[in-house]
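None of the figures in this text is laboratory data; all of them are computed from the coordinates on show. Here the structure is a predicted model, which is why all the values come from computation and not from measurement. Methodologically, a virtual Cβ is constructed for each residue, glycine included, from the backbone with ideal geometry; neighbour enumeration extends over all protein chains shown.
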Ligand code: MCA
Ligand code: AMP
């Protein structure tokens, strides 16, 4: 009913984008489905983003209406100029329900998710109703979703993992969802005993085990029983270290179900629900997902870039015709991931084709976007952002800077991090800042990032 009240309050949207900034819980779904019921497309904002990023998303998506929960209202105050702000709590308490829900075309936009890429600013990936329905159907089948399931949910809602792959798929199967306000390792361990499914990024499993190791024996025994009672624990968004997967297997008797996904394609490959899950592999394509592995010469090869085609493919990047065109070759989407197919057909992800795309704790980050922000720092003359392997985060974001003459002190780590935090979500801010005399460059002046990474790796402490 709350969704219909939101839809009535929004009025007919005719495909317009509406931003929602709502804490996890039922109100989030009321707002989400309310926008769809009014014929709009949802742009999910996150309280993790500072004003500069939120403002960019709203401007880029041409948002003129925002739905907010009262606990987050002050975060959108500055966005209010020229925009309508509706409090979902008011709408629920006083609004009238919409009687006739919009019936969109399958190809209409339903969700616009911002994703970082090899261009400076994040791009809005447009997912259609059909894309979301296809994912619900494919994953519902592949992972055996059923109404008795209880999903334990602690993923952020502004990305496809938490929103589409976890939340919408569970709801599509009529399952229940227990949404935690945020990731909290103790709360997750405690809630496992009354849940059936958990989904996470590898960093969450690392953090869960860190909390486990710090607990007393009785607590560990209770948590172990809870984890063993789950019917499914999945991992995705970044490579699951095999040692971490094996630790989960030792505790629960089952290796986590690892799968491969992307904002633009949803889940593409998965290990099986039943049957052998191959450590270090992401499984085989879901039904309807077509794949190619393409070498640098554009021909099919045993290892190379993964190209994908199929009905879960997004509609394109919002207002970025060139980027959309570049992402496709003859209808195939170029994922930017380098893969190989193992004996038996399972895919293994070997890395990314671009050094400028990093994955930290499951978030895709653009080195170029972070460099662009740091370049605005008055004491920084040159900057290169790289990712170094890190046991907790996957990639550790490291900024290598050259200071302007005599201004080294202003480039001290905490000062640079504080500067970046004003504009960037904290999870994008470099964890390490190194002040160097110069950066290694090639003949045309481009920073040679692999060489830089090799040089600075011994200087960097990891978590
Ligand atoms: C938090 N911090 C991070 C990250 N998360 N730094 C780098 N990378 C991160 N991912 C920073 C915080 O800003 C803070 O910095 C410090 O670490 C401690 O934060 P805390 O709140 O304690 O962290 P946490 O709550 O434990 O968060 C870790 C997390 C979170 C739960 C793993 O990062 C997370 O929810 N990740 C999921 C990302 C995700 O959903 N990706 C899916 C993309 P400071 O001290 O400076 O303030 S979609 C996708 O990839 C496709 C579709 C797919 O296949 O799924
Ligand atoms: P995003 O753009 O945030 O949706 O992230 C998509 C990217 O996450 C993919 O292109 C991969 O690089 C990475 N990814 C997702 N799942 C896995 C996995 N199981 N193993 C390795 N990388 C993964």
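In terms of the Cα gyration tensor, with a ≥ b ≥ c the square roots of its eigenvalues, is the chain rounded because a/c is under 1.5, prolate because a/b exceeds b/c, or oblate?
Verdict is rounded for the chain.
The alpha carbon convex hull volume per residue for segment 248-313 rounds to 107 Å³. Only bridges whose two residues both fall in segment 130-278 count here: according to DSSP, what percent of them are antiparallel, nearest 5? Just about 25 percent of them are antiparallel.
Listing 71, 297 from fewest to most neighbouring C-beta atoms within 10 Å gives 297, 71. Beta bridges assigned by DSSP with both partners in segment 66-136 are antiparallel in approximately 65 percent of cases. Ranking of 149, 326 by neighbouring Cβ atoms within 10 Å, starting from the fewest: 326, 149.
Considering only beta bridges that DSSP places wholly inside the chain, some 60 percent are antiparallel.
Dividing the summed -39500 (n - 2.57) terms of all DSSP H runs of n ≥ 4 by the residue count of the chain sets its mean residue ellipticity at 222 nm at -8500 deg cm²/dmol. The distance between label points at residue 422 and residue 178 comes to 4.3 nm (points 7 Å beyond Cα on the Cα→Cβ vector).
As a proxy for reagent exposure, ranking 249, 4 by other Cβ atoms within 10 Å from fewest up yields 249, 4.
Legend: translational diffusion of segment 349-450 by Stokes-Einstein, Rh = Kirkwood radius over C-alpha pairs, 20 °C, 1.002 mPa s; D = 154 µm²/s. The value of relative contact order for segment 166-269, using C-alpha pairs under 8 Å at least six residues apart, is 25 percent.
Sorted from greatest to least, the principal axis extents spanned by the alpha carbons of segment 1-121 come out as 43, 34, 27 Å. Note on segment 314-376 and segment 58-110: Cα centroid distance 30 Å, given to the nearest whole angstrom.
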